[in-house]
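The values are calculated or read from the model by the stated rules, or taken from the named source; none is laboratory data. These numbers were taken from a predicted model, which means no experiment stands behind them. Cβ placement follows ideal geometry from the backbone for every residue including glycine, while neighbour counts extend to all protein chains displayed.
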Amino acid sequence: MQALIAKADTLLEALPYIQKFNGATFVVKYGGSFMDSPNPAVRTSVARDIVFLEAVEINPVVVHGGGKAITRAMEKAGLQAHFLQGQRVTDEATAQIVDEVLSREINPEVVATIRALGGRAVGFAGTEIFKCRKLWLDDRENPGRQIDLGYVGEVVEVNTGPLKECIWSGFTPVISPTARDEEGKVYNCNADVAAAQTALALKAKRLVFMSDVPGLLRDPQNPATVISHLKIAEVAELKRAGIVDKGMIPKVNSAVAAIRAGVEKVSFVDGRVPHAVLLEIFTDAGVGTEVVE
């Protein structure tokens, strides 16, 4: 009986959030090693959370990654992965592999998983949704100079028409992070940035970044040092201290841009934790790191 009462208490705790977010759009960035887990329960946990959001009339939109699968495909093709400031250096051959892996392998798998759990999902290659410009990085060791990453783009425009049509029809859009430039060339884009731009374009209330770490850590070697609450005014100091570095840079920059553009809250959660999305959205305590103004 006590266990049943506890379940009822959990539902009641979630109720005000379900009421508050009814009809709202949530963007979920789906990435991390949990996507590659041999354990089906781990792979399907996030998809089950997406199906739950659909059931309570919240409109989820998924932007997925797939970095580890891309690296494996590159190695198979005899190419070595190279990263600068958290961004994958991408030549033309790598761009073709990225497009194949993300849009034609991972995207259909995510869609199929959601459908298998009773959800309704439609897959989109990012090249159908995102326009980009070539991304140049500032050279930290040589101020004033920029680094050419090759076919790496920065999403600057989101074609919201197909996404809104999906949402209005009760389907979850699932989008890969590739894009085309003005000349129609295919570029690899950072999935975190693509997710943030999607949240801005759709005026989403929440943006959730899922990865394989517990959140933003003060000490990357110590999972117990999660920063549970972060104000965007604190980000610059965390960068200077090296706490926000490498792959966390585009995540945190995207979170700050989203908050400044009107997204209510951005969360970094661990996709390996069962039902991390639901815990973050529908409980008072939440999990991971929440970023607010």
TODO: Return the residue satisfying two criteria in turn: it lies in region 37-69 and is farther than 18 Å from T283 by Cα, out of contact with any Gly (no Cβ under 9 Å at 6 or more places or on another chain) and assigned to a helix (DSSP H, G or I), and of such residues it is modelled with the highest pLDDT.
DONE: A69
TODO: Please work out which one of (1) under 24 Å from I281 (Cβ atoms); (2) in a loop (DSSP other than H, G, I, E, B) is the condition N142 fails and give its number.
DONE: (1)
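Touching a Lys or Arg at 6+ places or on another chain (Cβ under 9 Å) and at pLDDT 95 or above, is that true of A121? Reasoning before the result, please.
Numbers: touching a Lys or Arg at 6+ places or on another chain (Cβ under 9 Å): yes; at pLDDT 95 or above: yes.
Yes; evaluated as a whole, the condition is true for this residue.
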Open item on the list: With the requirement that a residue be in contact (Cβ under 8 Å) with a residue 24 or more places away in the chain and either more than 30 Å from V158 (Cβ to Cβ) or among the charged types (D, E, K, R) (or both), what does region 127-139 give you?
Closed with: E128, K131, R133, K134
- [ ] Select, from G215, G242, G262, G271, the only residue that is surrounded by 14 or more Cβ atoms within 10 Å (Cβ to Cβ) and on the phi > 0 side of the Ramachandran plot.
- [x] G215
- [ ] Would you check if L15 is exposed (fewer than 14 other Cβ atoms within 10 Å of the Cβ), farther than 22 Å from D270 by Cα, aliphatic (A, V, I, L, M) and more than 16 Å from the chain's Cα centre (by Cα)?
- [x] yes
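Taking the condition surrounded by fewer than 18 Cβ atoms within 10 Å (Cβ to Cβ), out of contact with any strand residue (DSSP E or B) (no Cβ under 9 Å at 6 or more places or on another chain) and within 26 Å of A204 (Cα to Cα), does L117 pass? Even if it seems obvious, please write down each step before you answer.
Numbers: surrounded by fewer than 18 Cβ atoms within 10 Å (Cβ to Cβ): yes; out of contact with any strand residue (DSSP E or B) (no Cβ under 9 Å at 6 or more places or on another chain): yes; within 26 Å of A204 (Cα to Cα): yes.
So L117 passes the test.
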Task: The one condition in (1) more than 17 Å from R88 (Cβ to Cβ); (2) assigned to a helix (DSSP H, G or I); (3) modelled with pLDDT under 95; (4) not β-branched (V, I, T) that D192 fails to fulfil - done: (1)
Task: Exclusive hit being β-branched (V, I, T) and out of contact with any strand residue (DSSP E or B) (no Cβ under 9 Å at 6 or more places or on another chain), set V122, V56, V62 - done: V56
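Is it the case that E237 is surrounded by fewer than 13 Cβ atoms within 10 Å (Cβ to Cβ) and either under 22 Å from R48 (Cα atoms) or at pLDDT below 85 (or both)? Write out each step before concluding.
Details: surrounded by fewer than 13 Cβ atoms within 10 Å (Cβ to Cβ): yes; either under 22 Å from R48 (Cα atoms) or at pLDDT below 85 (or both): no.
No, not satisfied.
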- [ ] Just one of (1) surrounded by fewer than 14 Cβ atoms within 10 Å (Cβ to Cβ); (2) in contact (Cβ under 8 Å) with a residue 24 or more places away in the chain trips up Q146, so point out which.
- [x] (2)
Open item on the list: So V292 ticks every box in (1) β-branched (V, I, T); (2) crowded, with 19+ Cβ neighbours inside 10 Å; (3) touching a His at 6+ places or on another chain (Cβ under 9 Å) but one. Which box is left unticked?
Closed with: (2)
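Select from region 195-212 the residues that are under 21 Å from E154 (Cβ atoms) and of a type in the set (V, I, T) and list them in ascending order. Don't jump to the end; show me each part of the working.
Applying the first criterion (under 21 Å from E154 (Cβ atoms)) to region 195-212 yields 195-204, 207, 209, 211.
Hit for region 195-212 is T198, nothing else.
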